[in-house]
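Engineer: Shown below is the structure under consideration.
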Amino acid sequence: MPPSGKPPMPTRDEQMRMLSLYFQHVHPVFPILYKSHFLARALDRTQPGVPALMSAVFAAASTYLVREARTKGDLAQVRMQMYTHFQRAKMYLEEQYTCNTIASIQTLLLMSIYEQGTMSTRSWLYSGMAIRKAYDLGLHRDVGLPRHGGLAAISQPDTQIRQRAWWGCYVMDIMVSATLGRPTTIRDFTFDTPYPDDYGGDDDELLVNLPAAAAPAEKRRAHGAYYLDLLHIFGHILTEMYTCKPHSSYVARFCLQDLHSQTDQLVLLDNELREWAAALPPELQYPIDDMLAARPARCVYVALLHLVYNTAMILLHRPFIARIDAPPAADARGGSGSPSPLPSHSICTMSAQMISQIGQAFVRDSQVVIMPFLTFMMFTAGTMHLNNILVSADGATARRFLKRTLDVMSCLGAHWQVSYKCYTMLNTLVRTNRIVFDPVVDSTEAELQAIKSRAQVVAQVARD
């Protein structure tokens, strides 16, 4: 260890390996770095990159080395390597806490991603610090060339770097808050930063293994924008369905949110989600036949979009599902005793089934993906299957889907601490409720066809 007390940086060859892993696995689902600019500096021997950010990149990338571990000794070595990179990033960052830079924001975001693997609330703290720094640097304001033209004081590359850092903060704010049950920090009326529109030549890298889009590149919308659109709706769901609402104060009497009932918001947000899905270009779609057959998506980014979409559907409709101990009612549209004008229970069930199938596709394709927030989405689906078993809502099907979900989480848990914790929690609930799984886990063709038909009916009811 050098005199400063910090772990030494890895060798040049090891750095190149980590950078390759980062841009192969982390960057496609969390593109906060302007790749061409970052690599030009990282590969410049005369101008080394920021050590805190480089170490955070190595920490995030090294999580994918877990898949190469063959023995417990290999796994322990990889985890020590991950910890070393993370601690180095943390020690360098501590020297510049009071110095707000975009690199420090990017470092904090990647540290937050790393801490997601431990299910630690430090993930929320790191992302919160990044958001505060971003506001302090003015990343929430549009200062780029399209708006200010020749008067813009910031170059095009710097504009893209700022935009990516800001939207990275937004992504982490939404997803970490959903995962840990915390309130979101960023509000729509506090920023006007546009989406990144230049992905530094790596927009198509989000779509690995996809055919070229039909439209010319200059006419295509940046693929990353669809994810940000979805997270906008996701954030509204968290705000409308899961935040505290005042009742007797001055604020309650004049709060604009009270002008609309929660059921009105349900219908509005459900329509927004369905319109988002309908607007996806062909290369970003995940056909229901492929999901039901547990066939892998064309690339990880497409799988991420549909995992988040189905998770958003569950979080939106779950408050309208009756309590387990509530008496059954005859309202088939909204579920037992639900005030929902939509078939909320059916929507949650189908979304959970789609999440489980996408997860199973990862495992079948030997892609144990350490995707940020994958465990949260699998856990959300698992709790829905468990609920259906306990209320006897198509219990046999629910047991099969819960078993698949647990199998995926067990596979992830062999490599990732947070997945093991969530797997243990769900498995404890299974044993507590004396749930016995069927020996046959795979669904029959008739069962899959029934799910597909029900999905079509529910979609039609939602449109009507």
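Engineer: Answer yes if at least one residue in the range 321-331 is at pLDDT 80 or above and either buried (at least 19 other Cβ atoms within 10 Å of the Cβ) or not charged (D, E, K, R) (or both), and no otherwise.
Structural biologist: First, the residues of the range 321-331 that are at pLDDT 80 or above: 321.
From what's left, either buried (at least 19 other Cβ atoms within 10 Å of the Cβ) or not charged (D, E, K, R) (or both): 321.
Yes - at least one qualifying residue is present in the range 321-331.
Engineer: Could you tell me which numbered condition E275 fails, if it satisfies all but one of (1) modelled with pLDDT under 90; (2) open to solvent by 50 Å² or more (accessible area, probe 1.4 Å); (3) not basic (K, R)?
Structural biologist: That leaves (1) as the condition not met.
Engineer: If you don't mind, there's one more thing I want to ask. For I32, only one of the following conditions fails: (1) at pLDDT 90 or above; (2) in a helix (DSSP H, G or I). What is its number?
Structural biologist: For I32, the exception is condition (2).
Engineer: Filtering the range 112-122 down to residues that are outside any helix (DSSP H, G or I) and under 22 Å from Y64 (Cβ atoms), which residue is most open to solvent (accessible area, probe 1.4 Å)?
Structural biologist: If we filter the range 112-122 for residues that are outside any helix (DSSP H, G or I), which is where we start, we get 117-121.
Retained after the next criterion (residues that are under 22 Å from Y64 (Cβ atoms)): 117-120.
Values: G117: 4, T118: 35, M119: 73, S120: 19 Å².
Checked the range 112-122; the qualifying residue most open to solvent (accessible area, probe 1.4 Å) is M119.
Engineer: I'd like to know if the range 445-457 contains one or more residues that are within 28 Å of I174 (Cβ to Cβ), part of a helix (DSSP H, G or I) and at pLDDT 90 or above.
Structural biologist: Step one: of the range 445-457, the residues within 28 Å of I174 (Cβ to Cβ) are 455.
Imposing the further condition that a residue be part of a helix (DSSP H, G or I) reduces the set to 455.
Subset that is at pLDDT 90 or above: none.
No, every residue in the range 445-457 fails to be within 28 Å of I174 (Cβ to Cβ), part of a helix (DSSP H, G or I) and at pLDDT 90 or above.
Engineer: Condition first: of a type outside the set (S, T, Y) and not in a helix (DSSP H, G or I). Can you find one or more residues in the range 158-178 that meet it?
Structural biologist: Taking the range 158-178 and keeping what is of a type outside the set (S, T, Y), we get 158, 160-169, 171-176, 178.
Within this subset, residues satisfying the condition of being not in a helix (DSSP H, G or I) are none.
Within the range 158-178, not a single residue is of a type outside the set (S, T, Y) and not in a helix (DSSP H, G or I).
Engineer: Output the number of residues of the range 291-309 satisfying the condition of being open to solvent by less than 10 Å² (accessible area, probe 1.4 Å) and within 14 Å of the chain's Cα centre (by Cα).
Structural biologist: So the first thing to find is which residues in the range 291-309 are open to solvent by less than 10 Å² (accessible area, probe 1.4 Å), and the list is 294, 301-305, 307-308.
From what is left, the residues that are within 14 Å of the chain's Cα centre (by Cα) are 301-305, 307-308.
Selection size over the range 291-309: 7.
Engineer: Restricting attention to the range 91-111, report how many residues are out of contact with any Pro (no Cβ under 8 Å at 6 or more places or on another chain) and buried (at least 20 other Cβ atoms within 10 Å of the Cβ).
Structural biologist: The number of residues fulfilling the criteria is 11.
The values are calculated or read from the model by the stated rules, or taken from the named source; none is laboratory data. Note that the structure is a prediction, hence the values are computed from the model and not measured. Don't worry about glycine lacking a Cβ; one is built from the backbone with ideal geometry, like all the others, and counts go over all protein chains shown. Protein only, heavy atoms only, side chains kept; ligands, DNA and RNA dropped before computing areas. Shrake-Rupley method; radii C 1.70, N 1.55, O 1.52, S 1.80 Å.
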